[in-house]
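Data block below; observations after.
The values are calculated or read from the model by the stated rules, or taken from the named source; none is laboratory data. These numbers were taken from a predicted model, which means no experiment stands behind them. Cβ placement follows ideal geometry from the backbone for every residue including glycine, while neighbour counts extend to all protein chains displayed. Side chains are part of the model used for accessible areas, which takes the heavy atoms of the whole protein and leaves out ligands, DNA and RNA. Shrake-Rupley method; radii C 1.70, N 1.55, O 1.52, S 1.80 Å.
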Amino acid sequence: LSGLQLQEALCERGFNLPIIFLSAYGDAQMGAQAIKRGAIDFLQKPYRNQDLLDAVNAALIESKEARGKQSERHKYRDCLESLSLREKEIFDLVVEGNSSKEIARILGISPKTVEAHRGRLMSKLGVRSSGELIQLSMLTNSHCIECKWACRPAR
C-alpha cells in the first residue's frame, strides 16, 4: 500500500489517529491530498528535525482534543439512552424541525403532552432550546450516521 492508500484504509476502518507523512518521493499534489484527508503534516525528506517535532506536537495536541470531544459525545449518547421511547420520538421530531403542534398531530397526542415530554427530555439532556437539541444531535451523530464528509474534523 502507498501511504495515501494506508491513510484511506485506516479512515474507512474508523482509526482516527493523527497521521504525519514522511516521504522521499512525494510531491505537492500528494501532500495536498494527504492534508485534505486529515493528515497533520506532509514532510518531504530531507526534513528539519524541528519540523518533525512541531508536527508530532501538533498531532499530540489534536489527539488529546479529539479524546476530550469523544468523551463528551459518549456522555451525551448516554443521556440520549436515558430518554423514554416517547421522549426519543419527540426528540427526533424536534430535530427534524417540527413544532409542538405538528408533533402532537403526528403522534396523535395533545400539544400539552408534547410540551411536557419535551420539557422532561430537555431537562434530562441539560439543554434550554431546540437549537441546543439540534447541536446535541449533531454532536452525537444521532442523525448523521450516514454522513461521510471526512474521517476527522478539519483543523
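With under 30 Å from Leu121 (Cα atoms) and out of contact with any Phe, Trp or Tyr (no Cβ under 8 Å at 6 or more places or on another chain) as the only criterion, which of Asn98, Asn49 stands out?
Asn98
Scan (1) outside any loop (DSSP other than H, G, I, E, B); (2) surrounded by fewer than 12 Cβ atoms within 10 Å (Cβ to Cβ) for the single condition Ile103 breaks and write down its number.
Only one criterion in (1) outside any loop (DSSP other than H, G, I, E, B); (2) surrounded by fewer than 12 Cβ atoms within 10 Å (Cβ to Cβ) is unmet by Ile103, namely (2).
How many residues, within the stretch 45-75, are open to solvent by 60 Å² or more (accessible area, probe 1.4 Å), among the acidic types (Asp, Glu) and free of Cβ contacts under 8 Å to residues at least 24 places away in the same chain?
2
Working only within the stretch 119-136, note down all residues that are touching a helix residue (DSSP H, G or I) at 6+ places or on another chain (Cβ under 9 Å) and of a type in the set (Ser, Thr, Tyr).
Narrowing the stretch 119-136 to residues touching a helix residue (DSSP H, G or I) at 6+ places or on another chain (Cβ under 9 Å): 120-122, 124-130, 132-134, 136.
Within the stretch 119-136, Ser129, Ser130 qualify.
In the stretch 7-44, what count of residues is obtained for those that are under 28 Å from Gly68 (Cβ atoms), surrounded by 12 or more Cβ atoms within 10 Å (Cβ to Cβ) and among the hydrophobic types (A, V, I, L, M, F, W, C)?
Looking only at that region, the number is 13.
Starting from the stretch 86-99, take each residue that is closer than 12 Å to Gly131 by Cα and list its partners that are open to solvent by 20 Å² or more (accessible area, probe 1.4 Å) and modelled with pLDDT under 90, counting only C-beta distances under 7 angstrom and pairs at least six apart or across chains.
Val94/Ser130; Val95/Ile134; Val95/His143
Would the stretch 60-77 turn up any residue that is in contact with a strand residue (DSSP E or B) (Cβ under 8 Å, 6 or more places away or on another chain) and assigned to a helix (DSSP H, G or I)?
no
Could you tell me which residue of the stretch 85-100 is nearest to Leu139 (Cα to Cα), considering only residues that are open to solvent by 50 Å² or more (accessible area, probe 1.4 Å) and small (Gly, Ala, Ser)?
Result: Gly97.
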